[in-house]
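Note sheet for the following structure.
Every number here is computed from the coordinates shown, using simple stated rules; none is lab data. It should be emphasised that the depicted structure is a prediction, and the values quoted were computed from it without experimental measurement. Cβ coordinates were reconstructed from backbone atoms using ideal geometry, including for glycine residues, and neighbour counts include every protein chain displayed.
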Amino acid sequence: MTSSIRSDRQVDNDMTEKPAAAGFADDDIHALFDAIDSRDTDRFTGFLAPGVSFRFANADTVNGRSEVAAAVSGFFASIRALSHDVQRIIHQTPYVICEGRVTYTRHDASELEVPFLNLFEIRDGLIEDYRIYIDASALYAG
């Protein structure tokens with residue numbers, strides 16, 4: 001599944017676009033969410049700095065690309081599919097904020113759709129700090 005993206009980039013008073021945060025443009029956001037929705041851990045971790053700090057909802061923070069890969073692989077294995085609808089992207093160097101809705105498909109084919117907000121801190125074109133604000137508690141509720 002692929003994500004759809006509508007960008008709300010901030011503009012200056014003279015109507016010129018502000019540059020993407022530290023080399024992380026809307027195309028990079030689209031590619032990132034495509035990797036996530038494809039459940040492609042290797043492609044996903046290619047967007048991360050080696051020393052990345054990653055937190056999903058209220059889970060403990062995971063540090064380092066290989067540790068994030070292990071955590072994300074485990075999450076991907078716990079669901080059948082996921083699909084993001086990114087509704088807003090805000091660039092404020094060195095941060096990128098993405099807001100939207102995600103649909104999770106469980107292994108029993110039931111679905112859960114919830115809003116999310118991701119905050120990325122970008123350094124040298126890679127995500128150094130990755131925060132996902134979401135209430136996914138119903139995903140595993142019995």
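Just name one of 91, 134, 75: the one whose Cα is farthest towards the positive end of the charge dipole of the stretch 4-136 (beta-carbon charges, Lys/Arg +1, Asp/Glu -1).
Most positive-ward Cα: 75.
Show me the chymotrypsin sites (Phe, Trp or Tyr not before Pro) within the stretch 95-142 that DSSP assigns to loop and that have at most 12 other Cβ atoms within 10 Å of their Cβ.
The qualifying sites are 140.
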